[in-house]
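Take a look at the structure below.
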Amino acid sequence: MNEPQTLTFNVGPHHSAAIGPFRIKVETDGEMVLAGEPDVGYLHRGIEKVAERMSWTGFMPYTDRVDYLSAIHCNLAYALAVESLAGIAVPPRASCIRVLAGELNRIGSHLLSLGHLAQQLGAGTALLYSLRDREKINNLFEMLCGARLTYSYVRIGGVAADVTEGFIEKTYEFLEYLLPKLKEYHDLLSNNRIFMGRLANVGIVTQAMAVDCGLTGPTLRAAGMKFDVRKNAAYCGYQKFDFNVPTGNGEVGSVGDAFDRYIVRMREIDQAVSIIKQALDALPEGAFSTPLPRLFKAPKGEAYAAVESPRGLFGVYVCSSGEKNPERVRFRTPSFPVLNLFPDILKNVPVSDVATIIGSLDIMVSEVDR
Amino acid sequence: MNAELSTISPMAAYVGSFMETAMPAWGLILVATTIHWFCLVVAPVMLMAYLDRKLGADIQMRIGPNRVSSYGVFQSAADTIKLFFKEDSGPEAQESWLFRWGTVAAIVCVFLALGTIPMAEAWALSNPDSGIVMVLAALCFSNLCVFWAAYSARSQWSVLSSFRVLAMVTAYVVPIAIALVPPVLIAGSPNLENIVRAQGGMPWKWAMFHNPATLLSWATMFLGLQIWQGRAPFDHSHAPGEIAGGYTAEYSGLRSGLLTFLEYASLLLGCAFIVTVYMGGWQTGINLESTGRAANIFELIFFWLKISGLVFVSIWIRWSLPGLRIDQIVNLSWRILVPIGLFASAVTAVWLVVARARGGGDIL
């Protein structure tokens, strides 16, 4: 008797399906995947350890690198944690600018994610379209803070600088530009029969699975659960903004499939556009930052703050012994729990769907490994 | 001798008609083959590779090749020269002659099929009695060669992609074979030359517009050929995102260039084949008697214009649609294309019987 033989593949570490080096050991029988086992650590830089040797303020540029596609949110979570530890009040103008920058960053990240997913399905053209629009966001950020990817714009006590001259007009212009382009994406992808067929009923994450694994963000909302840090534990005055939390409802397949995750991100872009408009309309006057002492020392104690990054709940825990550097900084990143899904989600799926599933989960490896 | 030669190789006979002194038949065939390969196959394939890159770049809002000569027209030639000098490295399986020559064999299949297609009146390199079967065999066999090459590479992704290549063969051959029935019924012959002669130059005299059902079978065949060409959105056998390029990943240097060549030669064959059987082939609809032997050149130009239109559509499809999953392709072919093809064949048969009973029946 011959034992049935299986074939083991290495998806990655360098595979276009994941943003960053990341390996999945996939066991297949013909076209069917029997098991998938993620292997991480290729991008580990020891950022949390680095924090222990840095000054409180000097660590800020490192937080950019935790998730370089949503650097503002990483900055923000760290700043919020330190501010709550040290009891620093943030001027309302700074809060509003933080919301503005964060939502712009969210649009950029979601655009890249949708382009990346489309590329996994062989629609490389959609990726270039999304990069074209993300480029405009990068230009806006360059105008705002001089950097295009790793902004370090949010600082403890406020933001690095006030909005530059012309930034507000340019942002309005960008929003006018973006809305017709979003329709283009829907024509090109969302309403495309092939695209729907590739994503419908693929990689279903049920609400129970999502909660068990600790998922947050669009992946959890696509599973039908209305959880958003901006609503459930509002920060930066998000309670003043009027926006919806889109959830998946299984339009073309079942709730929590890859299409739901995609469409939830698309709808979040719409919501982000509305939030940015509200923030621009009601940008308060005043200072953009609270000055810190020359040598800033957070008082002894610990604090935790969470923000809604494009990938979900991004939390930072800081612990201080009253010195000029943190005693411990710990990031709770939204992509890491996604890896818990893999043993369940990569079971009895065709090989073709592996790339689709990884692409639709929007895993950011730099934040998994940090 | 010439009469005999023109039945075997019309193009060699045409070449012979320019010769002052008599040449042996094999010499004429050799000359005709050389002309055919370099002028009618390799040059257009190079041009199509350039067009694909340039149009694709345009669709993706890029500039595309623009360094080699004006607008980068000689980019394909420059790439070919570069590939000649690259190291021919590969997996251990390079020892296997199937791996080394599989893609070459696939190209030979495509060349053989292209040789049977009349590119102008009496201008096919070879004229077998049932050219349609010859082309169909080449369509199957070329992918069988790719399967050998992919399977013998002995790397995981290659082996997986080799299975997909085989699955694809079952997906496209049947719809294409069924879609070939209406033109054969209309012409009453499986010979490609006769099929073209049964049609006219004007669109309403093409087999494609013979009756409403032939339009459907034309679409069936066009899709079937798209699947055969294995270009996106039907590139699941070597999709870069899904299976890391499949068998294409194992080739380097000139052999990888051959794969690219195979892709465009397949595109050329697919478009040339469907133009021949459904879209009037080299027929121009203009009386070219006064131009003598130069008539062939005009017919060739018409033939190329029709092909260019289809190539443009293929490039457009290739750069705008997401790829299909393998089960979607097989579903498309067996549940949609095959029934439509059978329906179209039946309708055409009934149409012809009724029309011939009423004294008509030729092209409308």
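Being within 14 Å of chain B (Cβ to nearest Cβ) and closer than 18 Å to A:Ser309 by Cβ, is that true of even one residue in region A:77-90?
Within region A:77-90 (the criterion being within 14 Å of chain B (Cβ to nearest Cβ) and closer than 18 Å to A:Ser309 by Cβ), the answer is no, since none of the residues qualifies.
Of all the residues that make up region B:69-116, how many are outside any helix (DSSP H, G or I) and over 25 Å from the mean Cα position of the chain (by Cα)?
9
The rows are residues; the columns are (1) in contact with a helix residue (DSSP H, G or I) (Cβ under 9 Å, 6 or more places away or on another chain); (2) without any contact (Cβ under 8 Å) to a residue 24 or more places away in the chain; (3) within 26 Å of A:Ile345 (Cβ to Cβ).
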residue	(1), (2), (3)
A:Phe22	yes, no, yes
A:Asp29	no, no, yes
A:Arg45	yes, no, no
A:Ala81	no, no, no
A:Ala94	no, no, no
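Anything in region B:306-341 that is touching a residue at least 40 places away in the same chain (Cβ under 8 Å), within 13 Å of another protein chain (Cβ to nearest Cβ), of a type outside the set (Val, Ile, Thr) and assigned to a helix (DSSP H, G or I)? List them, or say none.
Passing the criteria: B:Trp316, B:Arg318, B:Trp319, B:Ser320, B:Leu332.
Could you pull out every one of the helices (runs of 4 or more DSSP H) wholly within region B:166-261 that has 3 or more residues that are aromatic (Phe, Trp, Tyr) and surrounded by 19 or more Cβ atoms within 10 Å (Cβ to Cβ)?
Of the helices (runs of 4 or more DSSP H) lying wholly inside region B:166-261, those with at least 3 residues that are aromatic (Phe, Trp, Tyr) and surrounded by 19 or more Cβ atoms within 10 Å (Cβ to Cβ) span B:212-229.
For (1) assigned to a helix (DSSP H, G or I); (2) within 19 Å of A:Cys145 (Cα to Cα), each residue gets a yes or a no:
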| residue | (1), (2) |
| --- | --- |
| A:Asp162 | no, yes |
| A:Glu176 | yes, no |
| A:Lys183 | yes, no |
| A:Asp187 | yes, no |
| A:Gly197 | yes, no |
| A:Met209 | yes, no |
| A:Thr219 | yes, no |
| A:Gly224 | no, no |
| A:Arg230 | yes, no |
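Name, by its number, the condition in (1) surrounded by fewer than 24 Cβ atoms within 10 Å (Cβ to Cβ); (2) away from chain A (no Cβ under 14 Å); (3) touching a helix residue (DSSP H, G or I) at 6+ places or on another chain (Cβ under 6 Å); (4) farther than 27 Å from B:Pro183 by Cα that does not hold for B:Thr291.
Evaluating B:Thr291 over (1) surrounded by fewer than 24 Cβ atoms within 10 Å (Cβ to Cβ); (2) away from chain A (no Cβ under 14 Å); (3) touching a helix residue (DSSP H, G or I) at 6+ places or on another chain (Cβ under 6 Å); (4) farther than 27 Å from B:Pro183 by Cα leaves (3) as the failure.
Quick check on region B:265-287. Is at least one of its residues assigned to a helix (DSSP H, G or I) and within 14 Å of chain A (Cβ to nearest Cβ)?
Within region B:265-287 (the criterion being assigned to a helix (DSSP H, G or I) and within 14 Å of chain A (Cβ to nearest Cβ)), the answer is no, since none of the residues qualifies.
Restricting attention to region A:160-174, which residues are at pLDDT 90 or above and farther than 15 Å from A:Leu280 by Cβ?
Within region A:160-174, no residue meets the criteria.
For region A:122-151, what are the residues that are free of Cβ contacts under 8 Å to residues at least 60 places away in the same chain and within 14 Å of another protein chain (Cβ to nearest Cβ)?
A:Gly122, A:Gly124, A:Leu127, A:Leu128, A:Tyr129, A:Ser130, A:Leu131, A:Arg132, A:Asp133, A:Arg134, A:Glu135, A:Lys136
Quick check on my filter: what residues within region A:305-324 are crowded, with 22+ Cβ neighbours inside 10 Å and not in a strand (DSSP E or B)?
The answer is A:Pro310, A:Arg311.
Go through region A:325-370 and give me each residue that's surrounded by fewer than 23 Cβ atoms within 10 Å (Cβ to Cβ), more than 14 Å from chain B (Cβ to nearest Cβ), β-branched (Val, Ile, Thr) and not in a helix (DSSP H, G or I).
none
Search region A:152-189 for residues being more than 30 Å from B:Pro322 (Cβ to Cβ) and free of Cβ contacts under 8 Å to residues at least 60 places away in the same chain, and hand back the single one that is nearest to the other protein chains (Cβ to nearest Cβ).
Going through the qualifying residues, I end up with A:Glu173.
The values are calculated or read from the model by the stated rules, or taken from the named source; none is laboratory data. All figures in this text were calculated on a predicted structure; none of them were measured in a lab. With ideal geometry, Cβ positions are generated from the backbone for all residues, glycine too; neighbour counts draw on all protein chains shown.
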